[in-house]
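The values are calculated or read from the model by the stated rules, or taken from the named source; none is laboratory data. This one's a predicted model, so the numbers in the text were calculated from it and none came from an experiment. Every residue, glycine as well, gets a Cβ built from its backbone with ideal geometry; the counts of neighbours run over all protein chains shown.
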């Protein structure tokens with residue numbers, strides 16, 4: 001059974017998966033095009049970090065950063081065995097539920113067209129492309145998406 005729950009990103013299972021994500025991002029994108037959150041940032045009070053696990057195996061991670069007037073989805077990543085099995089959608093639903101519980105009515109995120117599976121995941125879950133937001137720099141790879149929560 002898949003369990004979605006809050007976790008500490010510094011615990012061994014989540015940390016190992018986040019390290020895989022960071023490694024993948026640094027091989028795909030230049031430093032100026034990378035916006036993943038480091039471990040210290042993931043431990044900040046305005047961040048709600050969750051994992052998906054089966055037993056003791058961490059299958060995926062996700063986070064939402066409360067930006068005041070919106071929540072930003074960050075650190076969405078699943079291990080290779082979890083891809084295509086609904087793990088990322090379950091993580092995203094848990095983050096949306098948390099956003100609603102805290103009074104947020106808008107979710108935003110940054111991804112890339114080259115991460116086609118991620119773009120499809122977000123589109124399937126009601127996100128649509130939008131203009132650049134926050135303090136993101138203009139580049140040729142980023143895609144910005146948002147979803148209004150009802």
Residue 131 is checked against (1) outside any helix (DSSP H, G or I); (2) surrounded by 14 or more Cβ atoms within 10 Å (Cβ to Cβ) and fails just one. What number does that condition carry? (2)
Any idea which of (1) at pLDDT 95 or above; (2) touching a helix residue (DSSP H, G or I) at 6+ places or on another chain (Cβ under 7 Å); (3) under 21 Å from residue 137 (Cα atoms) is the one residue 48 doesn't satisfy? (3)
Just need a number here: residues in the range 91-113 that are touching a strand residue (DSSP E or B) at 6+ places or on another chain (Cβ under 6 Å) and part of a loop (DSSP other than H, G, I, E, B). 2
Give me the pairs: first residue in the range 84-99 and in contact (Cβ under 8 Å) with a residue 12 or more places away in the chain, second residue in a loop (DSSP other than H, G, I, E, B), beta-carbon distance under 7 Å, and six or more apart or on different chains, which are they? 89/125; 92/125; 96/149; 99/149
Residues (over 15 Å from the mean Cα position of the chain (by Cα), closer than 17 Å to residue 90 by Cβ and surrounded by 12 or more Cβ atoms within 10 Å (Cβ to Cβ)) located in the range 4-56: 13, 53, 54
Across the range 134-150, what is the number of residues that are part of a strand (DSSP E or B), in contact (Cβ under 8 Å) with a residue 40 or more places away in the chain and within 22 Å of residue 105 (Cβ to Cβ)? 3
Given the condition within 22 Å of residue 136 (Cβ to Cβ), touching a strand residue (DSSP E or B) at 6+ places or on another chain (Cβ under 7 Å) and touching a residue at least 60 places away in the same chain (Cβ under 8 Å), answer yes or no: does some residue in the range 13-26 qualify? no
Close pairs from the range 63-75: first on the phi > 0 side of the Ramachandran plot, partner surrounded by fewer than 20 Cβ atoms within 10 Å (Cβ to Cβ) and assigned to a strand (DSSP E or B), Cβ under 9 Å, at least 6 apart: 75/47
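Based on this model, can you work out whether residue 80 counts as under 29 Å from residue 30 (Cβ atoms) and in contact (Cβ under 8 Å) with a residue 12 or more places away in the chain?
Numbers: under 29 Å from residue 30 (Cβ atoms): yes; in contact (Cβ under 8 Å) with a residue 12 or more places away in the chain: no.
Against the criterion (under 29 Å from residue 30 (Cβ atoms) and in contact (Cβ under 8 Å) with a residue 12 or more places away in the chain), residue 80 does not qualify.
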